[in-house]
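The values are calculated or read from the model by the stated rules, or taken from the named source; none is laboratory data. Worth saying up front: this structure is predicted, and the values here are computed from it rather than measured. Cβ: placed from backbone, ideal geometry, glycine included. Neighbour counts: every protein chain shown. SASA here: full protein model, heavy atoms, side chains in, ligands and nucleic acids out. Shrake-Rupley method; radii C 1.70, N 1.55, O 1.52, S 1.80 Å.
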Amino acid sequence: MKNADLSAFSSLLMAWNRNFNRRAMPWKGIKDPYKIWMSEIILQQTRVDQGEKYYTDFIASYPTISQLANANEEDVFRKWQGLGYYNRCRNMIVTAKFIHTENDAIFPDDYDSILALKGVGEYTAAAISSFAFNLPYAVVDGNVVRVLSRVFSLHASYFDATGKKAIQALAQTLIDKKEPGKYNQAIMDLGATICKPQQPDCSSCPLTLICQARLTDSIASFPIKKERKPLKERPFHFLVFHTTSTIYLTKRSGNDIWKDLHTFYCIETEKLTQKLLPDFINTRELNKPLVLTQILSHQKITGYFYLIPLQTATSLKSLNLISVKKTAINKIAFPKLILSFFENNQYL
DNA sequence: AAACCGGGGTT
DNA sequence: AACCCAGGTTT
């Protein structure tokens, strides 16, 4: 690529940002690293539109990192409910507690310390460093990859190691060293509002005259995409034990989907057989299950919900279930599929 | 390096 | 149905 284009890129972008960029978001321009961190964690792999109300709710409920650190964890997960990638929520809690107890509730102010926080990778560390502390670290998110890939017709893929390094190095070359926060915000805003994945608005783009993909009419070829793998099928058989007043749940653990969220007693199997069931249940006694499916990015969940009313809970002892009053399930955090089940079972 | 982790909007 | 979103951690 030409050096002239490298220097033109940033000045054209910053001029567009000053004169035309009217994108507004609740966290834009804020300097409080806690709030910036919160917004960035929420926005990981999440569209701005989807994350906004969660951000507003979290900041209103927990105005400071110490209030988040001292919050009831189930309440925090409950607020995160529906956002997905629940590891983000647990890491957020871990980091809030860490900063509150180990760092006098003071958010770290250098890149390496920020990067060391749980749930913070290179993108998020660069975002916090530049937005809160005006440090010159270039963000590389999906927007940046797309803009740079098109403007410089990068045939490197961000989804292999060398391509990733090349794109990060280019991004770092281009950043405005005096106003890194504004620059990072501007390139992401451009990607989100002009240089969109589909049907980019090239006629409004400040870079249209130096955009190599545009000049060679090959915008659709950039950026290089990641190959998609087929969905993994997950058949979940849920035994919904309940008495008139109580329902029985389990908290998911391990490194699997929905960690730390609650579901019903779950047996993952293609075909539910007698020996997979607890001793006191007979396959013939099971009613026809309610079947609900949910498509996720990487797997297809099919939930088979078997309602199992009980007179007493004595037979459940060995299953280590959590008993919850039916009137209190609104205090518990569930994945979407379980919420869908509740919506289909008002009589529970 | 590759696998894994949700949910949803847009086209 | 495909694409992809202000990515990060674990194996």
### Task
Consider A:Val139 carefully, then state whether it is open to solvent by less than 30 Å² (accessible area, probe 1.4 Å), part of a loop (DSSP other than H, G, I, E, B), in contact with a helix residue (DSSP H, G or I) (Cβ under 6 Å, 6 or more places away or on another chain) and closer than 24 Å to A:Thr46 by Cβ.
yes
### Query
Does A:Tyr158 fit the bill of being part of a loop (DSSP other than H, G, I, E, B), surrounded by 15 or more Cβ atoms within 10 Å (Cβ to Cβ) and among the hydroxyl-bearing types (Ser, Thr, Tyr)?
yes
### Message
Tell me whether the stretch A:77-95 contains one or more residues that are under 18 Å from A:Leu117 (Cα atoms), more than 14 Å from DNA strand C (Cβ to nearest atom) and in the same structural domain as A:Thr124 (by TED's automatic domain parsing).
### Response
no
### Task
Consider A:Asp260 carefully, then state whether it is farther than 30 Å from A:Thr162 by Cβ, touching a helix residue (DSSP H, G or I) at 6+ places or on another chain (Cβ under 7 Å) and of a type in the set (D, E, K, R).
yes
#### Entry: Filter result for the condition that a residue is under 22 Å from the mean Cα position of the chain (by Cα) and crowded, with 18+ Cβ neighbours inside 10 Å, over A:Phe9, A:Phe107
A:Phe107
### Subset of the stretch A:153-174 that is within 15 Å of DNA strand C (Cβ to nearest atom) and in contact (Cβ under 8 Å) with a residue 40 or more places away in the chain - its residue that is farthest from A:Glu122 (Cα to Cα)
A:Leu154
### Message
Being in contact (Cβ under 8 Å) with a residue 24 or more places away in the chain, of a type outside the set (Ser, Thr, Tyr) and within 16 Å of DNA strand B (Cβ to nearest atom) is the filter here; which residues of the stretch A:105-143 pass it?
### Response
A:Lys118, A:Gly119, A:Val120, A:Glu122, A:Val140, A:Asp141, A:Gly142, A:Asn143
### Task
Scan the stretch A:12-43 residue by residue and report those that are within 16 Å of DNA strand B (Cβ to nearest atom) and either of a type outside the set (A, V, I, L, M, F, W, C) or more than 13 Å from the chain's Cα centre (by Cα) (or both).
A:Arg23, A:Met25, A:Ser39, A:Glu40
### Query
Of these, A:Ile93, A:Ile99, which one is surrounded by 14 or more Cβ atoms within 10 Å (Cβ to Cβ), without any contact (Cβ under 8 Å) to a residue 60 or more places away in the chain, of a type in the set (A, V, I, L, M, F, W, C) and within 16 Å of DNA strand B (Cβ to nearest atom)?
A:Ile93
### Task
Taking A:Thr173 as meeting all but one of (1) open to solvent by less than 50 Å² (accessible area, probe 1.4 Å); (2) more than 22 Å from the chain's Cα centre (by Cα); (3) not aromatic (Phe, Trp, Tyr), write down the number of the exception.
(1)
### Message
Out of A:Leu215, A:Leu276, I need the residue that is of a type in the set (A, V, I, L, M), open to solvent by 40 Å² or more (accessible area, probe 1.4 Å) and not assigned by TED's automatic domain parsing to the domain that holds A:Arg22. Which one?
### Response
A:Leu276
### Selection from the stretch A:14-50 of residues that are part of a helix (DSSP H, G or I), within 14 Å of DNA strand C (Cβ to nearest atom) and farther than 17 Å from A:Tyr123 by Cα
A:Asn17, A:Asp49, A:Gln50
### Query
Out of the residues in the stretch A:44-61 that are touching a residue at least 40 places away in the same chain (Cβ under 8 Å) and open to solvent by less than 60 Å² (accessible area, probe 1.4 Å), which is nearest to DNA strand B (Cβ to nearest atom)?
A:Gln44
### Message
Among the residues of the stretch A:321-330, are any open to solvent by 70 Å² or more (accessible area, probe 1.4 Å) and more than 35 Å from the chain's Cα centre (by Cα)?
### Response
no
### Summary
With criteria (1) in contact (Cβ under 8 Å) with a residue 24 or more places away in the chain; (2) within 14 Å of DNA strand C (Cβ to nearest atom); (3) surrounded by 15 or more Cβ atoms within 10 Å (Cβ to Cβ), A:Thr64 comes up short on (2)
### Unique match (being farther than 23 Å from A:Arg78 by Cβ, among the aliphatic types (A, V, I, L, M) and either within 16 Å of DNA strand C (Cβ to nearest atom) or out of contact with any helix residue (DSSP H, G or I) (no Cβ under 6 Å at 6 or more places or on another chain) (or both)) among A:Leu272, A:Leu249
A:Leu272
